[in-house]
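Step one of this worksheet: look at the structure below.
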Amino acid sequence: MSAAAGAERGIGAPLLEVRDLRVTFARRGGPDTVAVDGVDFAVAPGEIVGLVGESGCGKSVTSLAIMRLLPERGNRVAGEVRMDGIDLLGLSDAAMRERRGRDLSMVFQDPLSSLNPVVPIGVQVTEVLRRHRGMRKEPARREAAELLDRVGIPDPRRRLGSYPHQLSGGMRQRALIAIALACRPRLLIADEPTTALDVTIQAQILGLLAELVAETGAALIMITHDLGVVAGLCDTVNVLYGGRIVERSQRHRLFATPRHPYTHGLLSSIPRLDSAPGEELVAIPGSVNDNLPWAHGCAFAPRCPRAMEACEQRTPAPEEIGGRLLRCHNPVPASAG
Amino acid sequence: MLRFVVRRLLQVVPTLLLLSVLVFAWLRSLPGGPASAFLGDRATPERVAELNRVLGLDQPVWVQYLRFLGRAFTGDLGNSQITGEPVLSEIGRALPATVELSVAALLIAVTLGIPLGYLSARHRGRPLDVATVIGTLVGVAVPVFFLGYLLKAVFAVELGLFPPSGRQSVGIDATNVTGFAVLDGLLTRELDASWDALTHLVLPAVALATIPLAVIVRITRASVLDVLGSDFVRTANAKGLAPSTVRGRHVLRNALLPVSTTIGLQTGLLLAGAVLTEKVFVWGGIGTLLAQGIEQRDYPRLQALLLLGALVYVLVNLLVDLSYAIIDPRVRLS
C-alpha cells in the first residue's frame, strides 16, 4: 500500500496511545534494570507502526507490556496504555483477558515454540473463536478452516487435525496469524514475525500480514530489528535505543534523511545493491552493553560518531522538528542522507 | 502400533535369557550356599557335600544352568528349597498381596503428587512451595523401614487408628476369590472384610508411597515451571483464554509428559520398596518371599523372583512408551 493511503487511514482519534511507558525489572543483588524508559507513541486505526531497534532496546518488552503478558513477578510497569480511551494497565486480569485475542492480539517470533505441540492446530484456532465469539464446536471448526484458507494454508479441513510439528515453519506462522486475526481484532502486534523463518518465506508472510490488516482494517504494530521489513510496510517508524524512542518519523522521510546518528548508523549498515563497488559497510561500533544510563546523558553517546561533550552530560530532550521526533544534541544534518 | 508391541515383547525374550545367566552366576558366586544356610551350626563339610549332591549343586554351574533352562521352557522354575513347593505357585499366592500394596501406594503417590507438584510450581517461592520442596526432600531421604516403624508406632500403637500389621484381622471370615483382599470383599459383598482389608492397607501403602510421591511431586513441579515459561503458554494467554483452559489444555497436558515416564520408573521400583515395607508390616507378599529366600539362599525361588522383577520392569516400560505415544503426537511408534 502507498504511504498516502497509510496517512489517510491515520486520520482521526488514535486507537492506541502509549504514554510514558516504563518497565523495570528487579534484579536480585543489583540495581533494577530499566528496559523501557518512558516510551510514548500512538497508533491510529488501520495504521502500521514500526518499532525498530537492536536486541535489548526494549521493543519486545514494550509489546508484552501493552498486551500485559510480562511475567507476573519481577517487573514493574508504569505509565498508560490507552485503547479506546481505557487504560489497559488499570484493568482487572479478567477484563484484560476479555480484550486479549478479541480487541488486540499478537503474533510471536518463533512459530514452533509458540504453538502447543500436543494440541491439534484446529483446536488452537477454534478455542479463541469459542472463547470470544461464543461459537459452538462445529461452526467454530468451519470458521477455523476458512481462516486457515484465508492465510494461505492448503487443504485447511485436513490441516485442522495436524499438529504443529507436521507443518512447515511458514505454515506454522500462517496458523499463528490465523489465530491472532480470528476475532478480527482492531490491533495486531507482530513481534519479529519473520525472524525465525527462511528468507524466501519472510516476504510471503510480510505480504500476507499487510494484505490481511488492509482487509480487516486492523492497525498493526510491527516490531523488528530489520529495517528492510519496515521499509516495505510501515507508515510510521519509531526507532528505539536503550528503552527510549530516539527518532520517529513518517517512513519515507526516515529513510531519505535519517537524523539521529543511531538511525543513520542502522541504515548505513544495510548492504545496498546500488552502492559503489568496493564500498565497505559501516557497522555501529560497540554494543548495547556500552550504554550510558539515560539519566546522565544520551545512552548512545559511547557508540556515537557525532558525540560531543554535552551528550555525556545532559540527557537530550525529545524535540519535534519538521514532523519528526528527535532526541539528539547533534543530529545528522538534514541534507546528508 | 501392533507391530511395535509385538517387537517389544519379542525383545523381552533375549533380555530375560541374558538376565537369567547373570542371576544364575551371581547367586552361585555369593559366599555360603543353601546347604550351609540350611544346616547352620550343624554344617560339617561332609553334610554340606551330601546336601549339595541331593540338591544337584555338586554339578558344574553350566550343567545346572542348562537343566534350569530346560525346565524353565516347560514352565517349571523349580521347587523352593525351603518349602519344597513349586516356586511359581508360591509366587502366584504371594503376588496379589504385593500388587494390591503397590497399586494402593501408586494411587496415593499419583493422586497427591501431581496436584501438589502443580500447586507448588504455581506458588513458586511462597510458603507452600518451600514446605513442599523440603517435605519431598525428607520423603526421599527417610528410609522406608524407618518410616514404616514410625507410622506403626504413632498411628497403630499410640493412636490405635489402624491395625499394626498383617492383611486381615483374626476372625474375619473372608472368601478368597482373586487374592486381592479389598476387591474380594467387594465382589462377594462381604463389605466388612473389604473395610478390614482397607484399614490394614493404609499404613503400609503410605509408607511405600512416600518415595514415589516425593519424586512425582518434584518432577511435576519442575515440569510445570518449565511449561509455564514456554512460548505456547504465552500464546494461550495472548488469546485471552480462560485460566482453566490455559491450565488444563496448555500447561498440564504438556507438563505431564515427563511425569508419565517417572510414574513408570517408580512403578518398577515399587517392588524393591515392597520388600522392606512388607517386612515391617508382616505383609506376606513377594517381598517376604524374597527376604526369606535371600536368608536361606533359596536359589530357585530367588531366580524366579529376580526374573519376575525384570519382566515387570520391562512390561511397565513398554506401557509407558505406549502411553507416551498416545499423549504426545510427536512420538510415532515405528
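Data table
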read-out	value
Enclosed volume per residue, in Å³, of the convex hull spanned by Cα atoms of chain B	191 Å³
Average beta carbon contacts from partner chains per residue of A:161-168, 10 Å cutoff	1
Calculated Rg and Dmax of the range A:223-299 using C-alpha coordinates, Å	13.5, 43
Reduced Cα scattering model of the range A:145-244, Debye log10 I(q)/I(0), q = 0.11, 0.21, 0.23 Å⁻¹	-0.34, -1.13, -1.30
Degrees between helix B:191-228 axis and first principal axis of chain B (Cα, 0 to 90, nearest 10)	50 degrees
Diffusion coefficient, µm² s⁻¹, Stokes-Einstein with Kirkwood Rh over alpha-carbon pairs of the range A:257-326 at 37 °C and 0.692 mPa s	240 µm²/s
Contact order relative to length of the range A:257-326, as percent, for alpha carbon pairs under 8 angstrom and 6 or more apart	24 percent
Share of Cα-Cα pairs in the protein assembly as shown lying beyond 37 Å, as whole percent	56 percent
Equivalent ellipsoid semi-axes - Cα gyration tensor, the range B:94-288, angstrom	37, 19, 14
Computed P(r) (all Cα pairs; the range B:79-188; 10 Å bins; percent)	11, 26, 32, 21, 8, 2
Cα centroid of the range B:2-79 to Cα centroid of the range A:162-202, whole Å	63 Å
Tilt relative to chain A, helix A:169-181 - C-alpha long axis, 0 to 90 degrees, to 10	80 degrees
Relative contact order %, the range B:33-123, counting alpha carbon pairs below 8 Å whose residues are six or more apart	11 percent
Residues with amide H under 5 Å from that of A:G38, placed H, sequence gap 5 or more	A:L21, A:R22, A:V23
Reach of A:K59 by Cα under 29 Å, taken over lysines that are not fewer than 8 positions away in the same chain	B:K239
Cleavage-rule hits, GluC sites (Glu not before Pro), the range A:23-74, DSSP coil, Cβ neighbours within 10 Å at most 10	A:E72
Residue list for the range A:216-235, given a label point 7 angstrom along the Cα-to-Cβ vector of B:D231 and an amide N cut-off under 18 Å	A:222-226
Rounded D (µm²/s) - the range A:111-184, Kirkwood Rh over Cα pairs, Stokes-Einstein at 37 °C, 0.692 mPa s	280 µm²/s
Relative contact order computed over chain A (Cα-Cα under 8 Å; 6+ residues apart), in percent	19 percent
Test item: B:238-251 mean partner chain Cβ contacts at 10 Å	6
Alpha-carbon centroid distance for the pair the range A:64-96 / the range A:217-267, whole angstrom	25 Å
Rounded to 5, the percent of DSSP beta bridges in chain A classed as antiparallel	60 percent
Reciprocal of mean inverse Cα separation for chain A (Kirkwood radius, Å)	21.1 Å
Residue-wise HN-Hα coupling along the range A:130-140, computed from phi with Karplus coefficients 6.51, -1.76, 1.60 (Hz; x: Gly, Pro)	5, 5, 9, 10, x, 7, 7, 4, 5, x, 5
Alpha-carbon Debye profile of the range A:25-156, log10 I(q)/I(0) at 0.12, 0.13, 0.17, 0.19 Å⁻¹	-0.64, -0.74, -1.14, -1.29
Per-peptide average of other Cβ atoms within 10 Å, ordering B:53-61, A:149-157 highest first	A:149-157, B:53-61
Alpha-carbon centroid distance for the pair the range B:83-110 / the range A:115-147, whole angstrom	48 Å
Note, ³J(HN,Hα) from phi for the range B:269-277, Karplus 6.51, -1.76, 1.60, rounded to Hz, x at Gly and Pro	7, 4, 4, 5, x, 5, 4, 5, 4
Number of partner chain Cβ atoms within 10 Å, mean per residue of A:124-135	3
Eligible aspartates and glutamates near A:K137 by straight Cα distance, threshold 19 Å, same-chain separation 8 or greater	A:E127, A:E146, A:D149
Whole-Hz couplings from phi, Karplus 6.51/-1.76/1.60, listed for the range B:254-260; x for Gly and Pro	7, 5, 7, 4, x, 5, 5
Highest average packing first - B:112-124, B:310-322, Cβ atoms within 10 Å	B:112-124, B:310-322
Rounded tilt (10° steps) of B:286-295 against the dominant C-alpha axis of chain B	40 degrees
Prolate/oblate/rounded call for the range B:56-95, Cα gyration tensor, a/c under 1.5 rounded	oblate
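Bear in mind that the values in this text are calculations on the coordinates, not laboratory data. Note that the structure is predicted; figures quoted are calculated from it, not measured. Cβ coordinates were reconstructed from backbone atoms using ideal geometry, including for glycine residues, and neighbour counts include every protein chain displayed.
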